Amino acid sequence: QDEPHIREPIGRHSLQRELMCVKTHGDKTGKASKTICRVRERYGIFTLVELQLLTGRTHQIRVHLSHLGHPIAGDTAYGGRAVSELDLIVVKEAKGVGDHRVYVGGHSGGAGGGANILSRQGLHATSISFKHPTEKKQMQLVAPLYKDMRTALNILRGSAQFRTVTVPGATVDLSALGMAT
C-alpha cells in the first residue's frame, strides 16, 4: 500500500521504560496517534517514504513503522540496523528479488559488511512550517538531505529495482532536497 494511514495509540513500553510502543488489546494508557505514510520511491527491500505527523507523540514515526514491521534503517532501538555499502550493493545487483515487503529505509537482514553508510536513524526532517510569532505570517523552512542519506539513496537509485511512486498528497519536492528526480 503506497499511502497507509497509521492510527495506533502510543504509550510507554511496560518493560523497557525508555522506549515507546503501540498499545493494543484494551490497554487505555496509549494516546491517540496518527501518521500518514506516502511511498515515494522503492528499491527492492528499501523504500523512501514521506511521513506526515497528524499528532506529535514521542518516537511516533519510529514506533508506528516498527509496529508495521518496517523499522527505520539505523534505528537499533526499534528493530532497524546500520546500513553498509555492501547492503546497498547487494540490493542494487539483486535483480528480480521476490521480497515486496516495505522497509522504510529499513533492512530485513542480509549480507552486511563493508563500511557503514548509514549508522544513525535514517530520518530527515525535510520541512517545518509555523506561524511566525511576531510577524504573524506563515513560515516554511526546508533542509537538504545530509550526505550519508544522499549517498545511500543515490546507490539505491542505481538499482534495477528502483521505481518512483506517484501518490496524491505528496508535499516534498525531492529535487529541493538535493536529489535529482
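The numbers here are math on the coordinates, done by the rules we state, and not lab data. Because the structure is predicted, anything quoted here is derived from the model rather than measured. Cβ atoms come from the backbone with ideal geometry, glycine included; neighbour counts cover every protein chain shown.
Values as computed for the structure displayed
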item: Gain upon complete extension [residue 119, residue 132; 0.36 nm per residue less C-alpha separation]; result: 1.2 nm
item: Which of 63, 24, 37, positive extreme of dipole for the stretch 1-69 (C-beta unit charges); result: 24
